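Peer 1: Mind looking over this structure? Questions follow.
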Amino acid sequence: MSAPFNFCAGPAMLPVDVMKKAQAEFLNWQDNGCSVMEMSHRSQPFIALAKKAEAELRQLMTIPENYKVLFMHGGGRGQFSAVPLNLLSLEGKADYLVSGSWSKAAAKEAKNFGNVNVIDIVENEGGEKRVMANNTWALSEDAEYVHYCPNETVDGIEMFDVPNVGDVPLVADMSSTILSHKIDVTKFGVIYAGAQKNIGPSGLTIVIIRDDLLGKARKETPCILNYTFAAENGSMYNTPPTFAWYLAGLVFEWLLAQGGVSAIEAVNQVKADKLYACIDGSDFYLNDINEINRSRMNVPFWLKDESLNDAFLAEANQAGLLALEGHRSVGGMRASIYNAMPLEGVDALIAFMNAFAERHKTNN
Ligand SMILES: *Cc1c(COP(=O)(O)O)cnc(C)c1O
C-alpha cells in the first residue's frame, strides 16, 4: 500500500505538495518572523498574498473584469441566506431548481426571506435518476434570479450544461465542482463555493458576482453577508479567514502548476470514467444515476448486498482507503474524487473493490 487515500466529501483532502509547503513555512512565513496566521490582514505581506490569490483564481477561471471576487465567511450555507438577502426584493420572486439535497436546502433557506418558486428537475426513468430537459422546467417569467446546484455532493448528480434561463441572472452553488472543469463565467450572475471541497480548508467561501448585481442588498442584511460591503472593502470589512485564504492561494498555485483547469479536468474525467466502469462492470456494485448526470466529483455507489457494508468499510480502512461511507441521508458508499485526489487513489480504490467482490463472492 502507498500513502492512505482520503475520499472524504468535505472537508476533503488537499494536495500533498500544498500541505508540505504549508508545513515548511508554518512557523515563519516568508521570513516575517511569524506564521501567516499570526499577521494582520491589513499588513502589506498579507495584502500581497490576498491580491495574488485573487489574480490566480481569475486566471484559472478566466473571470472577466466586470465580475468581483469576494473571499467571505459562512460556508455554502451562509450563501443560502446571503443570496436572497442580496438579490431578492421584498415583492420579488426567485426560482430554485432542485436536483438534490443541497439545492433543496438552499430553497428552504431562501423561503425565510421571500417568494420562492421551487422547481423539481430530477426524474426517475427506468430506475435511473436524471435531470429533465431544460425546456420542461416551469420557470417564472418575472424571477429576479434562478438558483441551482451544478453538482449535488450527496446525490452524485451533476449538470454539465449550464441552464438556459434567458436574461434572468443565474446563481450557482459550485461548492463541490468549482475548478474541476472549465466553465464560461459570463453565463452566471453569481457563483459561490464553500472552500472545503475543491479549494482549501473550511471557513472560507468564494463568491464571484457580476457588477450590476451589487447594490441590491436589503437594508437589514448583516454586513458580513453583504456583497457590496465585501466588494467595497476588498473582502476585509472584518477580519477574513486569513489562514484559509493563504491555503486557498497555495491550491491555486498548485493548480496552475498542474496546467490549469483544463489539465485537471482531463484527469478528473479519467478518474470518474474508470470508477464508473468498475461499478458498471461488476454485479456487486450499483450506481443509479443516468450517464448524462453522473458526477465527476462525488461517486455514490451501493453494494447490492447491503449486509456487507460494514465489512466493506472496515476492509477499505485497513487498506488505507478512508471515508468511503455514504452521506447519512442516503446510505451506501461515496467516493469523493476532487482535484486533489490523484489517479493512483482511484486505481487503488478500484483494485480494492474488485478484490473485495471476488473475496465475498466465493464466500457465499
Ligand atoms: C458542502 C456543501 C454545502 C454546505 O457547505 P457548508 O460550508 O457546510 O455550509 C452547500 N452546497 C454544496 C453543494 C455543498 O457540497
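The values are calculated or read from the model by the stated rules, or taken from the named source; none is laboratory data. Please read all numbers here as calculations on a predicted model, not as lab measurements. Backbone-built Cβ (ideal geometry, glycine too); neighbour counts: all protein chains shown.
Peer 1: Residue 124: over 22 Å from residue 329 (Cα atoms) and either free of Cβ contacts under 8 Å to residues at least 60 places away in the same chain or in contact with a helix residue (DSSP H, G or I) (Cβ under 7 Å, 6 or more places away or on another chain) (or both), yes or no?
Peer 2: On the way: over 22 Å from residue 329 (Cα atoms): no; either free of Cβ contacts under 8 Å to residues at least 60 places away in the same chain or in contact with a helix residue (DSSP H, G or I) (Cβ under 7 Å, 6 or more places away or on another chain) (or both): yes.
No; evaluated as a whole, the condition is false for this residue.
Peer 1: Kindly establish whether residue 231 is out of contact with any Phe, Trp or Tyr (no Cβ under 9 Å at 6 or more places or on another chain), farther than 29 Å from residue 24 by Cα and either not acidic (Asp, Glu) or not in a helix (DSSP H, G or I) (or both).
Peer 2: Details: out of contact with any Phe, Trp or Tyr (no Cβ under 9 Å at 6 or more places or on another chain): yes; farther than 29 Å from residue 24 by Cα: yes; either not acidic (Asp, Glu) or not in a helix (DSSP H, G or I) (or both): yes.
Yes.
Peer 1: Please enumerate the residues belonging to the range 53-81 that are more than 16 Å from the ligand (Cβ to nearest atom) and not in a loop (DSSP other than H, G, I, E, B). Break it down into steps so the answer makes sense when it comes.
Peer 2: Step one: filter the range 53-81 for residues more than 16 Å from the ligand (Cβ to nearest atom), giving 53-69.
Across the range 53-81, the qualifying residues are 53, 54, 55, 56, 57, 58, 59, 60, 61, 67, 68, 69.
Peer 1: Which is modelled with pLDDT of 95 or more and more than 21 Å from the chain's Cα centre (by Cα), of 170, 179, 139? Please lay out each step first, then the result.
Peer 2: Numbers: 170 fails: more than 21 Å from the chain's Cα centre (by Cα); 179 fails: more than 21 Å from the chain's Cα centre (by Cα).
Only one candidate passes the filter, namely 139.
Peer 1: In the range 121-154, which residues are in contact with a Pro (Cβ under 7 Å, 6 or more places away or on another chain) and within 15 Å of the ligand (Cβ to nearest atom)?
Peer 2: Answer for the range 121-154, where residues must be in contact with a Pro (Cβ under 7 Å, 6 or more places away or on another chain) and within 15 Å of the ligand (Cβ to nearest atom): just 148.
Peer 1: Report the residue count in the range 187-221 for those that are out of contact with any Pro (no Cβ under 8 Å at 6 or more places or on another chain) and more than 16 Å from the ligand (Cβ to nearest atom).
Peer 2: Going through the range 187-221 one residue at a time, the tally reaches 12.
Peer 1: Only one of 234, 194 is assigned by TED's automatic domain parsing to the domain that holds residue 60 and on the phi > 0 side of the Ramachandran plot; which?
Peer 2: Working: 194 fails: on the phi > 0 side of the Ramachandran plot.
Of the residues listed, the single one that is assigned by TED's automatic domain parsing to the domain that holds residue 60 and on the phi > 0 side of the Ramachandran plot is 234.
Peer 1: From 298, 354, grab the single residue that is over 30 Å from residue 20 (Cα atoms), touching a residue at least 12 places away in the same chain (Cβ under 8 Å) and not aliphatic (A, V, I, L, M).
Peer 2: Numbers: 298 fails: over 30 Å from residue 20 (Cα atoms).
Result of the check over 298, 354: 354.
Peer 1: Inside the range 11-35, can you point out the residues that are touching a Ser or Thr at 6+ places or on another chain (Cβ under 7 Å) and surrounded by 15 or more Cβ atoms within 10 Å (Cβ to Cβ)?
Peer 2: Keep residues of the range 11-35 that are touching a Ser or Thr at 6+ places or on another chain (Cβ under 7 Å), which gives 11-12, 26-27, 29.
Within the range 11-35, 11, 12, 29 meet the criteria.
Peer 1: Considering (1) crowded, with 18+ Cβ neighbours inside 10 Å; (2) touching a residue at least 60 places away in the same chain (Cβ under 8 Å); (3) touching a Leu at 6+ places or on another chain (Cβ under 9 Å); (4) not charged (D, E, K, R), say which one residue 199 fails and leave the rest.
Peer 2: (2)
Peer 1: Surrounded by fewer than 20 Cβ atoms within 10 Å (Cβ to Cβ) and at pLDDT 95 or above: does that describe residue 290? Before the answer, list the steps.
Peer 2: Numbers: surrounded by fewer than 20 Cβ atoms within 10 Å (Cβ to Cβ): yes; at pLDDT 95 or above: yes.
Considered against the rule, which asks whether it is surrounded by fewer than 20 Cβ atoms within 10 Å (Cβ to Cβ) and at pLDDT 95 or above, residue 290 comes out as yes.
Condition check ((1) of a type outside the set (D, E, K, R); (2) in a helix (DSSP H, G or I); (3) touching a residue at least 60 places away in the same chain (Cβ under 8 Å); (4) closer than 21 Å to residue 4 by Cβ) across all residues:
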{"position": "314", "(1), (2), (3), (4)": "yes, yes, no, yes"}
{"position": "334", "(1), (2), (3), (4)": "no, no, yes, yes"}
{"position": "339", "(1), (2), (3), (4)": "yes, no, yes, yes"}
{"position": "350", "(1), (2), (3), (4)": "yes, yes, yes, yes"}
